[in-house]
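A quick write-up on the structure given underneath.
Just so it is clear, none of the values below were taken in a lab; they were calculated from the coordinates. Note that the coordinates shown come from a computational prediction; the quantities given were computed from them, not determined experimentally. Backbone-built Cβ (ideal geometry, glycine too); neighbour counts: all protein chains shown.
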Amino acid sequence: MKDLFAVVMLLGIYSLLSASFFVAMDAVDVAFTEAAVGAGISTLLMLVVITMTGRSEKTTRHKPWLALLVVVFTGGVLIYGTFDMPYFGIADAPIHSHVAPRYINESMKEIGIPNIVTSVLASYRAFDTFGEVVVIFTAGIGVMALLSVGRRPEEDEKTTAINDSMHEEYLVIRIVTKMLIPFILLYALYVQFHGDFGPGGGFQAGVIFAAAIILYTMLFGLTTARKVINQSFIQFIAAAGVLLYGCVGIVSMLNGANFFDYNVLASDPVAGQHLGILLIEWGVGCTVASVMIMIFFNFAGRREMQQNNEKVNNIEGDSL
Amino acid sequence: MIIGLFNDWVVVVLMMIGLYIVIAHGNLIKKIVGLAIFQTSVFILYISMANVEGGSAPILAEGIKQFSNPLPHVLILTAIVVGVATTALGLALVVRIKEAYGSIEEEDIQHLDNKTQDETEIQATEGDQS
Amino acid sequence: MDIIINISGALFLLIGSFLCISGGVGLLRFPDFYTRMHAVGVTDTLGAGMILIGLMFYSPDFLTFSKLVIILLLTLLIGPTTSHVLAKAAMHNNLMPKLQQEDNIKETSSSNY
Amino acid sequence: MFIAATLAIFVAMILAIIRGIVGPTLYDRILAVNMFGTKTVLLISLLGFVMGRPEFLDIAIVYALINFISVIGVLRYSDTNKLKHTPSNEKPLDKEY
């Protein structure tokens, strides 16, 4: 497949397929995240990068036969390894009989929310999710360090020229997205607070929120989007999300329980758990949304800078 | 026998496809796509292990007794989001490599590296002689 | 009463799935991009609408019914818009529709594809 | 009854995948992705009813949105050099994608 566009689109189909596989496997939350993140954000990021780095790739392969040999050998060893794994779907496989029953049976009594995945994610395993939110935060900072572009004021009349030309290009789409974006944002908030009872939660809500903003940036141009949500505000929100997450832990510590134990947050433990999970989901949602928006803004800003440089070279080329 | 282990074989095949793409293809973006395939195959392994025949999604509702195991779902939930964060970083690096080397094919990058290496050596030797 | 609901629901599902398959076949059989686009655009939205209405008959409580209504409105809004944008972008990138049968007319220059 | 509908959707998805792989021009592939997206939305809602868990409909809504956004993204970035103001001296996208 020489054309990288086709590769990225087939990757989109592939992650859509894997998300529907997760639905068939009763993994509802995972399908949610894979659909929103896998098919949405990563395909868009790859598209932006491909417009920057060229669309076709050389088809020279490095010693394909040796690679094939290595791959087939490791594959054979792995398949040999799977023979003593338990059959698919047996109820008394070792994985189901030791740890899981405790969470399935007691989570309703201890935490009181039906969605066991969110209860494990947010309160039994809150410390790991905290570490994971910090990982997302550092990824955002890393991309910002690599790709951040200094804002030069005199660029604006060039980019506004592009925005006007985009106007008559995408008239219909702009009107439809104007109708659609508020509902996407509303749906993101629904997913955020519906995490306890059905599939949903901080991660998925943040990604859907970011997808709405990215849709806006694609169609209305980066400068208008930057005017709507300026860069420093997003960075503040990202940091505030992680701070909120950490503070919930410290507050429960100050009240005498250990680091992420929410029982002490409110009068009776179950209400404390509800409050703690709500706040943590809010922190996670803020961080994920702002980091994804920051990443996309940096990529698009870089691309715009490259296009401006190209145009400047063209003008110099013509004028010589 | 066949049906029982079919999922694991699918996982292994996908993993090997991802590995082959990373090894054989020169284009950096193709390598990132290969890594993405490798990553989803690991997710499929975890989720197919967590599934219980006849069990339903791990959301407590009346009249449903058998649930599939929620713990691998939590693991994969965080893994997907971290995976996207690392892919974003990888793509940022690819953009910078393209700007620095002008191409994202592995051979061109190595070629340019070797060339700059030889030049620095030559300058070093001239420096010693003079 | 519920027999009527079941029968009408089944009827809608049947029509919807038939439309989806015809869309798929149209996608493969038609010679040129724009004809394929036409086939998919029409059957996609209508087939999806039919199946969703069929599902509405079987939905147990009001919550699922309202979610199905939301999905129906969304597909009705999104389907035609994406087809419109697709055709506009294709036309913009000078992908000319194949106007006459090229294979039996040999001398026409192949410039239009 | 649901099983018949899910099988029909599966057949339509396989046809879409074939067009996605074979499709000569880039826009055939975008069309295949678009059709595949709408079919997965239907498949998820049908699966929700087959398995008796109506929460799946949340995922179907997200699917419809994400499918819309990715098709818009592909189209927005596939014809970028049309937006340049100066008459771009490099030739437009080569004919065969």
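Taking the stretch A:1-93 as the region of interest, what is the percent of Cα-Cα pairs per 5 angstrom bin, listed from the shortest bin to the one with the maximum distance? Histogramming the stretch A:1-93 at 5 Å steps yields 3, 11, 12, 11, 14, 19, 16, 9, 4, 2, 0 percent.
Candidates A:131, A:173, A:265 compared by Cα position along the dipole of the stretch A:116-311: farthest toward the positive end lies A:173, with charges placed on Cβ.
Shown is the FRET efficiency for residue C:1 and residue A:85, computed with R0 = 56 Å from the Cβ-Cβ distance and rounded to the nearest 0.05: 0.65. The Rg/Rh ratio of the protein assembly as shown, with both radii computed over alpha carbons and Rh defined as the Kirkwood radius, is 0.98. Each principal axis of the Cα atoms in chain A has its own extent, and those three values, largest first, are 76, 56, 35 angstrom. Its Cα gyration tensor gives the stretch D:2-78 an equivalent ellipsoid. The semi-axes, each the square root of 5 times an eigenvalue, are 25, 16, 5 Å from largest down.
Summary value for chain C: 27 percent relative contact order, contacts being C-alpha pairs under 8 angstrom separated by 6+ residues. Take each residue of peptide B:90-100, count the partner chain Cβ atoms within 10 Å of its Cβ, and average: the result is 6. Using a Gaussian network model of chain A in which every pair of alpha carbons under 10 angstrom is joined by a spring, one finds that among A:80, A:187, A:262 the greatest mean-square fluctuation is at A:80. Viscosity 1.306 mPa s, temperature 10 °C: give me the Stokes-Einstein translational D for chain B in µm²/s, with Rh taken as the Kirkwood radius over C-alpha pairs. Rounded, D is 85 µm²/s.
Each residue in A:311, C:98 was given a count of other beta-carbon atoms within 10 angstrom of its own, and listing them fewest first yields C:98, A:311.
For chain A, take the longest principal axis of its alpha carbons; what is the angle in degrees between that and the long axis of helix A:269-319, to the nearest 10 within 0 to 90? Between the helix axis and the principal axis of chain A, the angle is about 20 degrees.
The share of C-alpha pairs in the stretch A:181-320 whose separation exceeds 21 Å stands at 54 percent. Projected over all directions and averaged, the alpha-carbon convex hull of the stretch A:236-310 occupies 5.2 nm². May I ask which of A:2/C:98; A:2/B:31; B:31/D:39; C:88/D:39; A:2/B:115; A:2/A:311 have a Cα-Cα span longer than 18 Å here? Table pairs above 18 Å Cα-Cα are A:2/C:98; B:31/D:39; C:88/D:39; A:2/B:115; A:2/A:311. Couplings 3J(HN,Hα) of the stretch A:103-114, computed from phi: 6, 5, 7, 8, 5, 5, 5, 6, 10, x, 10, x Hz, in residue order, whole Hz [Karplus 6.51 cos²θ - 1.76 cosθ + 1.60, θ = phi - 60°; x for Gly and Pro]. Normalised by 2.2 N^0.38 Å, with N the number of residues, the alpha-carbon radius of gyration of the stretch A:178-229 equals 1.24. For the residues A:303, A:61, A:102, a GNM of chain A with alpha-carbon springs under 10 Å puts the largest fluctuation on A:61. Taking the 0 to 90 degree range and rounding to the nearest ten, how far is the long axis of helix A:43-53 tilted relative to the main principal axis of chain A, both from C-alpha atoms? Tilt of helix A:43-53: around 30 degrees. Full extension of the chain segment joining residue A:58 with residue A:251 gains 63.9 nm, where the gain is 0.36 nm per residue of separation less the Cα-Cα distance. With only the Cα atoms considered, the stretch A:48-89 has a convex hull volume of 132 Å³ per residue.
Judged by the mean number of other Cβ atoms found within 10 Å, the most tightly packed of the peptides A:209-220, B:27-38 leads the ranking A:209-220, B:27-38.
Taken as Cα centroids, the stretch A:204-232 and the stretch B:1-50 sit 33 Å apart, rounded to the nearest whole angstrom. Computed from Cα atoms, the angle from the helix B:70-101 axis to the main principal axis of chain B rounds to 20 degrees. Its residue count N fixes a reference of 2.2 N^0.38 Å for the stretch C:21-69, and the Cα radius of gyration divided by that reference is 1.52. With neighbour counts taken as other beta-carbon atoms within 10 Å, the residues D:42, C:95 rank, fewest first, as C:95, D:42. A simple spin-label model places the labels of residue A:106 and residue A:179 5.2 nm from each other, with each point 7 Å out along Cα-to-Cβ. The local environment of residue A:205, defined by Cβ-Cβ distances under 14 Å, has a net charge of -4 under the rule Lys, Arg +1 and Asp, Glu -1. Amide H to amide H distances under 5 Å link residue B:69 with B:52, where only residues 5 or more positions off or on other chains count and H is placed in the peptide plane. Using a 7 Å offset from Cα along Cα-Cβ at residue A:128, what residues in the stretch A:101-118 end up with backbone N under 14 Å from the label point? What the label zone holds, given the 14 Å backbone N cut-off, is A:103, A:117-118.
Going from the fewest other Cβ atoms within 10 Å to the most, the residues C:20, A:286, A:247 appear in the order A:247, A:286, C:20. As a test of the definition: which semi-axes, in Å, follow for the stretch C:2-97 when you take the square root of five times each eigenvalue of its alpha carbon gyration tensor? Largest first, please. Calculated on Cα positions only, the semi-axes equal 32, 16, 6 Å.
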